[in-house]
Amino acid sequence: MDLHIVGAEATAAERAAVDRLLGPPPTGWQGAARDIARDGRTAIGGRQVTGDRDLLLPAFHAVQDAIGWISHGALNYVCTRLSVPPAEAWGVVTFYHLLATESRPTAVAHVCDDIACRLHGAERVCRELEARLGHAVHRSPCLGQCDRGSAALVTRAGANPERFVISPLTSAEAVVDALKGIDTPKDWSPLPAADEMKRGDETKRGDQPSGWSASTVSGATLLRRMGRSNPSSLASYREHGGYVALARAIEIGPAAVIAEVSAAKLLGRGGAAFPTGRKWEAVAREPATPHYVVCNADESEPGTFKDRVLMEQDPFAVIEAMAICGLATGAGRGFIYIRGEYPESERAIGAAIAQARAAGLLGSSVAGSGYAFEIEIRRGGGAYICGEETALFNSIEGKRGEPRSKPPFPAQTGVFGKPTVVNNVETLVNVLDILIDGGAEWAKIGTAGSAGTRLFCLSGHVARPGLYEIECGQTLGHAIDLAGGVPGGRGLQAVLLGGAAGTFVGPDALDMPLSFEGARAANATLGSGVIMVFDETADLPDTLARIAQFFRDESCGQCVPCRVGTVRQEELLRGRDRGSGIGDQGRVLLSELGQAMRDASICGLGQTAASAIESAYAILPSLKGTGS
Amino acid sequence: MGGGTSSYQEIEETDCILLWGSNARETHPIFFHHLLAGLKRGAKLYAIDPRRTTSAQWAEVWAGLDIGTDIALSNTMAREIITSGLANQEFIEHATTGFDAYRTLVEPWTLAAGEAETGVPAAVIREMAHTYATAKRAMICWTLGITEHHTAVHNVMSLINLALLTGHVGRWGSGLNPLRGQNNVQGGGDMGALPDRLPGFQHVENDEARRKFDRCYGVTLPAKRGWHLSDMFNAMGRGDLRALYVIGENPVQSEADQHRATQLLEGLDLLVVQDIFLTETAQRADVVFPAAAGAFESEGTFTNSERRVQRVRKTLNPPGEAREDLAIICDLARRLGHDWVPDPEAMWNEVRRLSPMHAGMSYARLEQHSGLQWPCYDEQHPGELFLHGRLWERPVRGPRAPFSMVIHELPLDELTVDYPYRLTTGRRLAEYNTGVQTGAYHSPTRRGETIDVSPEDARRLGLEEGQRVRVTSRRGAVVAPVHIDQALRPGLTFMTFHFPDSVATNMLTSDATDPRVGTAEFKATAIRIEHA
């Protein structure tokens, strides 16, 4: 490559951080001391070097973890090691919110000020922290802790880097102490003693300050191991039915696995609701090799935390399902792309992979089947757009996380340009029960158009926020009732379904069935399973402005309608004279912007950037016209 | 016929590329885009160059040979291919001659002998030989790193030998491609701007070909080959050449051993220069014809490295007294008693009548097909994507291709205690030759002339970046600032000749030439470096 490395050089600590990941540099051309007898005569390049381009983001994470930010010198060294032009690498490093390119304190806090946390006073906490801690505090979009109230992600760089979440964040003091290095309760202690938890035991669930809630259906369900099996123990997972599905898959073989998944009519749980069986079948029959499995764990839709709970509480289920997917589709290698804001998920999955590998459940012959499958964790860098599947591929490949034009679709041209199954965490975990029950049997749960159960993330103004597993077809009102309804006897103003990219519905929608077809009939979407409740006291205009800001922040800037439209949308909502609305003219402009973004953006971000805001104006009289 | 055997499209579809003595990334950037498309598709690139150039950075492997050891390297590769049983025996027997002698010739070049002579590690030579020989399709591309040596012809022949040995010629995706330095160097040669050729590479000593031209022009053409550039300077030295008409060249600054070249040009009875700029050469001329710029102030054709003849159209009127080359030449002809009409299409049709390989290329067809690749014998002929396909026909059409007995010889300008450093010259991305066509444009990458040295030599000589030093060869001396470059190893230095007004690099270069074709040994000068 054209490597114009000029100026700044890496410090010894920066080099060491990169070398820990990549190993020592093999030659002077890759950053070792110049040995003229060797380096004066030959150099290895081309694909042998650029083939490691996908290690770019991991290398930046390594520097960020060790030093706290990525200097020009460190960037140059990473580029020398991986043969990436610095100008291009700069485009990558500046793409991700969690990577810093300017010097800053080694310990920083990313404090959530997004829509759910705002309902619990996040703005006040953020302001106090900013006043007290200055640039050690960064505001963050949703950290996926909405079941616990407001939250902060703390990172401390160094030889033994720390990344942990404080949630619920009840006062600024906890963050101040954490940044000083004073021991604080790191992360939320996830596990009550197993025997205290009983499925369907609403009382116990209510006693939890936050967390999951079990299912309301009988039979096999996604959350059945929650609170029963120890998530850090393979033996415990096996005691609770783990690896039965994989054994079954090996027994019946790839074609039959795909047939079961197809018979189950499982639809993707990430938001797009594509038939999973059809996706697997398309990849399985692609002649190009190798095939890949990608688990999309970049759960970034505001209000969503279901995949985090699954990964933290049932990590073996995720990797077992990935192995089954690999077996079925002829893929020997899988990636699980976990958002950078989920350190606990990363630890849980990492530990599970290590144990599974040691037990022969991953590796050259999975469970002695002769099928090879390996899983690699990739950490996101703080970019909502990377949840879009093709942006995620680019991110894995060490590029800016910009979506690609489709077609070609991932089944033909996915990660590294090869046939790829990309599934959401929840989607994959469903496959376990499908294999155990049989696809046709499993499909009996739920409705005709929406088989199975779904995980819903209840947050906002409900008595017991948390994760609820609900059979498809139950009503929205039922879900809110399960979470204890609106507390304090206050009235319901609106419900946001599907997150920032979703839709607002009013109190008249409580009878809406929670199924794909039910949501469609109500012009709504279930998206990633967000049910965020706003009582009559909630400041909806503030929420809408935050949603607009979110899309403006997260637009990758690749297509003009989205890059410009999200900015104009936020200007419109922020510029309104508080209390008098945006006016009729403003509403017209808003809908024109929304239409332009829907029509002309290449990916879902731009296409849905106006959806929640437009739906709010459509259903809420208080926001309409010029009235307040 | 002289030209690259392959089309640009083929480099995008080949499997292995030996880029030999060429920094195409900087000096042939358009061609390099085609090459990059090939890499993206999966081709393996090997860069053979004394320096690790920006082109070499894209290569699978860079082989940093010593200057002037190209034949040693190619002969070593050949021996390795033969002894490993990777030679294409069927093709050799079918389409070539002289293989047995060639095998004997390369026999001493073991991998160890090759490494000792070239400096390239044996394992690297072996890998290149095996990859090239076993690739389904493979190409060799070269530039002045091969030809600016006193062994120029043998260097080229040694590469042709490799292609004959492996059958990598005359097929789609396999070929031999010299990269042309200008948009129309190929066209100049095609039109007979060579000492021994008429348009269409018809030999002047071939009576039948020559008489065709005699009849067309109503004159009798000399039946003997003329002089090439180096011959001309020698003839000036002897006093045999007294008048010179220079079109679009700046020999005062582009010739090796500049001091001598300038003296000879100034000693002529008559020097006529036709150029778009008042170059250093033009400033010494008795008569200057201001010319229009070929690219946009005149009508005609250009021919590129893949032998594609393309129409060029006039978009601007030339400034002041400047006129199209054709108009100037026709006026001159009229004064000499020939009533030529300066009509570009009529002139082109004359070419088509006289040069069989251009016969099918009417202006209308050139327009319709966005250019055609010669040979194109009639108006039904689509042109040829690649040359020498005849070698694969059964039986071979025309003569079989001979292996050449190429002998390795080191550069003539020897390294000694007084002149211990090897200077090689080349070009950079933003500049073109002596800067006549590029110096007036702004470029963010321009850093002027420097003497590039390795970090090790800089340390040894106590030199710092930007420090001015005196560079002395057996012919002259210049002062230039130092640039420290990782791409160089100890003993090897580099300069361009883009900025002759500030640093006259060609004061230093050797006037040794290849006696067969006259190309000068710009690539190998012995120098010393002293604090200025």
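Laboratory data are not the source of any read-out in this text; all were calculated from the coordinates shown. The structure displayed is predicted, hence computed values, not measured ones. All Cβ positions, even for glycine, are placed from backbone atoms using ideal geometry, and neighbour counts span all protein chains on display.
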Exercise. Can you give the alpha-carbon Rg of region B:391-516 over 2.2 N^0.38 Å, where N counts its residues?
Worked result: 1.42
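For region A:1-135, state the semi-axes of the equivalent ellipsoid (square roots of 5 times the eigenvalues of the alpha-carbon gyration tensor), sorted largest first and rounded to whole angstrom.
Details: eigenvalues 280, 42, 26 Å².
Largest first, region A:1-135 gives 37, 14, 11 Å.
What are the semi-axes of the equivalent ellipsoid for region B:14-148, taken as the square roots of 5 times the Cα gyration tensor eigenvalues, largest first, in whole Å? Mind showing how you got there, number by number?
Values: eigenvalues 120, 65, 34 Å².
Working from the Cα gyration tensor, I get semi-axes of 25, 18, 13 Å.
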Seminar exercise, completed: Whole-Å distance linking the alpha carbon centroid of region B:222-271 with that of region A:59-100 is 56 Å
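Nearest 20 debye, what's the magnitude of the dipole of chain B about its Cα centre given +1 on Lys and Arg Cβ and -1 on Asp and Glu Cβ?
Values: 54 positive and 67 negative charges, 146 e Å.
I would put it at about 700 debye.
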Exercise. Which whole-angstrom value gives the distance between the alpha carbon centres of region A:412-488 and region B:491-530?
Worked result: 75 Å
Exercise. Quick one: Karplus J couplings for region A:139-149, per residue in order, coefficients 6.51, -1.76, 1.60, θ = phi - 60°, nearest Hz, x for Gly and Pro?
Worked result: 6, 10, x, 2, 8, x, 10, 5, 6, 10, x
Exercise. With respect to the cross-link table entries A:K265/A:K406; A:K418/B:K136; A:K279/A:K444; A:K279/B:K44; A:K306/A:K444; A:K279/B:K40, which display a Cα-Cα separation exceeding 31 Å?
Worked result: A:K279/B:K44
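Determine, from the Cβ-Cβ distance of B:D214 and A:A87 and an R0 of 56 Å, the FRET efficiency 1/(1 + (r/R0)^6), rounded to the nearest 0.05.
Details: r = 60 Å, r/R0 = 1.08.
Rounded to the nearest 0.05, the efficiency is 0.40.
Using 0.36 nm times the number of residues separating B:D286 and B:L336, minus their current alpha carbon distance, what extension gain do you get? Let's see the in-between values first.
Details: separation 50, 0.36 × 50 = 18.00 nm, distance 1.86 nm.
Length gained between B:D286 and B:L336: 16.1 nm.
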Exercise. Span-like helices, chain A: DSSP H, alpha-carbon axial extent 18 Å or more, mean Kyte-Doolittle 1.0 or greater, which ones?
Worked result: A:315-329, A:425-437
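Taking the Cα centre of chain A as origin and charging only Cβ (+1 Lys, Arg; -1 Asp, Glu), how large is the dipole, in debye to the nearest 20? Spell out each step's value before the answer.
Numbers: 61 positive and 71 negative charges, 173 e Å.
For this selection, approximately 840 debye.
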Exercise. So which aspartates and glutamates can B:K314 reach, going by Cα to Cα under 16 Å and dropping same-chain residues fewer than 8 places off?
Worked result: B:E297, B:E299, B:E324, B:D325, B:D343, B:E345, B:E367
Problem set entry | Net charge of Cβ neighbours under 14 Å - reference A:T503; Lys, Arg +1; Asp, Glu -1 | -1
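How long are the three semi-axes of the equivalent ellipsoid of region A:303-457, in whole Å, if each is the root of 5 times an eigenvalue of the C-alpha gyration tensor, listed from largest down?
Values: eigenvalues 105, 82, 64 Å².
Those come to 23, 20, 18 Å.
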Exercise. Points 7 angstrom from Cα along the Cβ direction at B:V517 and A:R132: gap in nanometres?
Worked result: 7.9 nm
Exercise. Once you sort the root eigenvalues of the Cα gyration tensor of region B:321-435 as a ≥ b ≥ c, which label holds: rounded (a/c under 1.5), prolate (a/b larger than b/c) or oblate (the other case)?
Worked result: oblate
For this session: Write down the percent of antiparallel bridges among all DSSP beta bridges whose residues are both part of chain A, to the nearest 5.
Result: 50 percent
Problem set entry | Inter-part distance where region B:403-429 and region A:529-557 are each reduced to a Cα centre, Å | 71 Å
For this session: Please compute the Cα-Cα pair-distance distribution of the protein assembly as shown with 20 Å bins starting at 0, giving whole percents from short to long.
Result: 10, 32, 28, 21, 8, 0
Seminar exercise, completed: Note, region B:204-212: 3J(HN,Hα) by Karplus (6.51, -1.76, 1.60, θ = phi - 60°), whole Hz, Gly/Pro = x, goes 5, 8, 8, 4, 4, 4, 5, 5, 4
Problem set entry | region A:38-109 pair-distance distribution - Cα-Cα, 5 Å bins, rounded % | 3, 15, 27, 22, 13, 9, 5, 3, 1, 0
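Let me have the 222 nm mean residue ellipticity of the protein assembly as shown computed from DSSP H runs of 4+ only, each contributing -39500 (n - 2.57), with the sum over all residues rounded to the nearest 500. Don't jump to the answer; show the numbers that get you there.
On the way: 47 runs with 423 residues, N = 1160.
Calculated mean residue ellipticity at 222 nm is -10500 deg cm²/dmol.
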Seminar exercise, completed: Checked region A:489-628 against the a/c 1.5 cut and the a/b vs b/c comparison, axes a ≥ b ≥ c from its Cα gyration tensor; verdict oblate
Problem set entry | Among B:L229, A:T537, B:F277 the positive-end extreme of the charge dipole of the protein assembly as shown (Cβ point charges) | A:T537
For this session: Pop out the ³J(HN,Hα) list for region B:349-354 in order, Karplus 6.51 cos²θ - 1.76 cosθ + 1.60 with θ = phi - 60°, rounded to Hz; leave Gly and Pro as x.
Result: 5, 5, 4, 4, 6, 9
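More than 14 angstrom separation, counting every C-alpha pair in region A:507-550; what % is that?
Numbers: 577 of 946 pairs.
Tail of P(r) above 14 Å: 61 percent of Cα pairs.
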Exercise. Near the amide H of B:Y245, under 5 Å away, which other amide H atoms are found, from residues 5 or more places off or on another chain, if H is placed in the peptide plane?
Worked result: B:V272
For this session: Run a plain Debye calculation on chain B (Cα atoms as equal point scatterers, no solvent) and give log10 I(q)/I(0) at q = 0.09, 0.10 Å⁻¹, rounded to two decimals, same order as the q list.
Result: -0.70, -0.88
For this session: Please report, in whole Å, how far the alpha carbons of chain A spread along each principal axis, starting with the longest.
Result: 80, 60, 50
Seminar exercise, completed: In the protein assembly as shown, taking the dipole from +1 charges on Lys and Arg beta carbons and -1 charges on Asp and Glu beta carbons about the Cα centre, the listed residue (B:L241, B:A520, B:L264) farthest towards the positive end is B:A520
For this session: Could you work out how far apart the two model spin labels at A:R124 and B:H130 are, taking each label as a point 7 Å from the Cα in the direction of the beta carbon, and quote it in nm?
Result: 7.3 nm
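For region A:365-484, what class follows from the C-alpha gyration tensor (a ≥ b ≥ c being the square roots of its eigenvalues): rounded when a/c is under 1.5, otherwise prolate if a/b is larger than b/c, else oblate?
Details: a/c = 2.13, a/b = 1.39, b/c = 1.53.
Oblate.
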Seminar exercise, completed: In Å, the C-alpha Rg and Dmax of region A:420-521 are 15.0, 50
Exercise. What is the dipole size for the protein assembly as shown, taken about its Cα centre, with +1 at each Lys and Arg Cβ and -1 at each Asp and Glu Cβ, in debye to the nearest 20?
Worked result: 780 debye
Exercise. How long, wide and thick is region B:233-304, going by the Cα atoms along their three principal axes, in whole angstroms, largest first?
Worked result: 39, 26, 20
